[in-house]
Amino acid sequence: MKKTPKMKFSRKDLLDIESLSSDEIRLILDTAKPFKDLFTRSVKKVPPLKGKTVLLLFYEPSTRTRTSFEIAAKRLSADVANFAVSTSSVVKGESILDTIATLQSMNVDFIVVRHSVSGVPNLIARQTSASVINAGDGFHAHPTQALLDASTLDEIFDDLRAKKILIVGDILHSRVARSTSRCLHYLGMKTAVFGAGTLIPSSVPPHLTVFDQFDEAMRWKPDVIYLLRLQLERQKANFFPSMREYHSVFGITRERFRQISDEGIYIMHPGPVNRGVELIDEVMDYDRCLINRQVENGIAVRMSVLYLLHLAVDEKTPAVAQAS
Ligand code: CP
């Protein structure tokens, strides 16, 4: 049963999933729905963030997250500034904290940050009065990915409780696995992981069941299989002999795809997809492949997060300070 919580969002920042309650997650998902309805209109823009500035501070590459935050902010009528690390004074040795102090002087209202080091968004949040949104930090967290995944499954299933999701691949290096499994667990889904023993953390949270055989994982009867990319940029060692071997043991091969489609199992992936490694091409055209829908929902969920953080911060700001 989906229940809209009667509650207010009262946070300055969104840094991880762990600190959210299931009611706050539900509020973000419910707030995203009317924003998604805008997407089919000829005018997709609404005014709540008029006069506000959103800074996109990406120290790591991104296609989906950066672009969808930019579109989300613009659809809420905010101004958007893109901080290009490679052409900034970071390359002349300016530290993160000095960079933040400089940007803080420009009075931005939101900082959306991605960094390869876990904890950098938390550090920035403590240094600035702007609302900080974690757009992915190291192995740690990717909260808006988790929320858009939850929003996508919430559209598919009438009731998430007791539905099962199997997360497959490089769990060890994945901030997505951490955030998405936690978020779906909070919403009542059963969560499991399957991957190479070398790519599963030695200790996993109690809500995660671990499988090391595909057939065993399939007997668990997942409703959704969530594939992860091998995060080679974060791997410090060789975790398996070759990509070909990885695909045959842990990827969605032709034979496995036949079983998955026969059983009507949904497929998800946060992107970017490596075709021929975690999946064969045909999976991308499967009618239960939700990858494009995840991207679409990313904009609505990010609009929801920006909007709710804005309401929370504006409510705490005295009227005189707002007017001056
Ligand atoms: N899912 C995700 O974070 O994709 P990008 O790296 O393209 O932002």
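None of the figures in this text is laboratory data; all of them are computed from the coordinates on show. Owing to the predicted nature of the structure, the values given are computational and were not obtained by experimental measurement. A quick note on method: Cβ atoms are made from the backbone with ideal geometry, for glycine too, and the neighbour counts reach across all protein chains shown.
Considering only the other residues whose Cβ falls under 15 Å of the Cβ of V249, what net charge follows from Lys and Arg at +1 and Asp and Glu at -1? Walk me through the intermediate numbers first.
Values: positive: R244, R254, R256; negative: D170, D212, D215, E216, E245, E255, E278.
Net charge around V249: -4.
Under a plain spin-label model, where a point goes 7 Å from the Cα along Cα-to-Cβ, how far apart in nm are S89 and T102?
0.4
When the scattering of the stretch 144-294 is computed by the Debye formula from its Cα atoms alone, each counted once and equally, what is log10 I(q)/I(0) at q = 0.10, 0.12, 0.17, 0.19 Å⁻¹?
Summing over Cα pairs of the stretch 144-294 leads to -0.30, -0.44, -0.94, -1.22.
Which whole-number percentage describes the relative contact order of the chain, with Cα contacts under 8 Å and a sequence gap of 6 or more?
Values: 554 pairs, mean separation 69.0, N = 324.
Contact order relative to length: 21 percent.
Determine which aspartates and glutamates satisfy two conditions relative to K221: a Cα distance under 14 Å, and not lying fewer than 8 residues away in the same chain.
Partners within reach: D262, E263.
Given K44/K92; K45/K164; K74/K316; K12/K44; K50/K163; K44/K316, which pairs have Cα atoms separated by over 32 Å? Can you show the working numbers first?
On the way: K44/K92 40 Å; K45/K164 36 Å; K74/K316 24 Å; K12/K44 26 Å; K50/K163 40 Å; K44/K316 29 Å.
The answer is K44/K92; K45/K164; K50/K163.
Could you tell me the relative contact order of the stretch 144-294? Use alpha-carbon pairs under 8 Å, at least six residues apart, and round to a whole percent. Kindly include the intermediate steps, with their values, before the conclusion.
Working: 229 pairs, mean separation 37.0, N = 151.
Once normalised by length, the contact order is 24 percent.
Where both residues lie in the chain, what percent of DSSP beta bridges are antiparallel, nearest 5? Show your work: numbers first, answer last.
Details: 1 of 37 bridges.
Around 5 percent antiparallel, to the nearest 5.
When the chain is fully extended, how far beyond the present Cα-Cα distance does R11 get from K74, taking 0.36 nm per residue of separation? Display every interim value, and only then the final one.
On the way: separation 63, 0.36 × 63 = 22.68 nm, distance 2.17 nm.
Gain on extension, R11 to K74, equals 20.5 nm.
Output the Kirkwood hydrodynamic radius of the chain, Cα pairs only, in Å rounded to one decimal.
Values: mean 1/r = 0.0487 Å⁻¹.
When all Cα pairs of the chain are included, the Kirkwood radius is 20.5 Å.
Which of the three applies to the stretch 238-292, rounded, prolate or oblate, going by the alpha-carbon gyration tensor with a ≥ b ≥ c and a/c under 1.5 meaning rounded? Walk me through the numbers on the way to the answer.
On the way: a/c = 2.47, a/b = 1.52, b/c = 1.62.
Verdict is oblate for the stretch 238-292.
Would you kindly calculate the mean projected area, averaged across all directions, of the convex hull enclosing the Cα atoms of the stretch 100-172, in square nanometres?
Working: hull surface 26.4 nm².
The Cα convex hull of the stretch 100-172, projected and averaged over all directions, gives 6.6 nm².
Within the chain, which is the longest segment containing none of the GluC sites (Glu not before Pro) that sit in a DSSP loop and have at most 15 other Cβ atoms within 10 Å? Show your work: numbers first, answer last.
Numbers: sites that count: E18, E94, E263.
In the chain, the maximal stretch lacking such sites is 95-262.
Could you identify which residue out of R256, R219, R288 has the top mean-square fluctuation in a GNM of the chain using Cα springs shorter than 10 Å?
Of the options given, R219 has the highest mean-square fluctuation.
Please report the spacing between the Cα centers of the stretch 131-209 and the stretch 32-61 in Å, no decimals.
That distance is 25 Å.
What relative contact order, as a whole-number percentage, does the stretch 43-99 give when Cα pairs under 8 Å and 6 or more residues apart are counted?
Working: 61 pairs, mean separation 23.8, N = 57.
Computed value for the stretch 43-99: 42 percent relative contact order.
Modelled label-to-label distance, S202 and I156, 7 Å Cα→beta-carbon offset: nm?
Placing both labels 7 Å along Cα→Cβ, they lie 3.4 nm apart.
Using the crude model of +1 on Lys and Arg Cβ and -1 on Asp and Glu Cβ, and no other charge, please compute the dipole size for the chain relative to its Cα centre, in debye to 20. Show your work: numbers first, answer last.
Working: 42 positive and 37 negative charges, 140 e Å.
The calculated dipole for the chain is roughly 680 debye.
Just to confirm a number: summing +1 for Lys and Arg and -1 for Asp and Glu over residues other than G195 whose beta-carbon lies under 10 angstrom from that of G195, what do you get?
Numbers: positive: none; negative: D170, D212.
Around G195, the surrounding residues sum to -2.
Would you grab the residues whose amide H sits under 5 Å from the one on V80? Only those 5+ places off in sequence or on another chain, please, with H modelled 1.01 Å from N.
V54
So which residue, out of L232, L56, L172, gets the largest mean-square fluctuation from a GNM of the chain using Cα contacts under 10 Å as springs?
It is L232.
May I ask for the net charge around P34, where only other residues with Cβ less than 13 Å from the Cβ of P34 are counted and Lys, Arg are +1 while Asp, Glu are -1?
Details: positive: K33, K36, R41, K44, R75; negative: D30, D37.
Overall, the nearby charge balance is +3.
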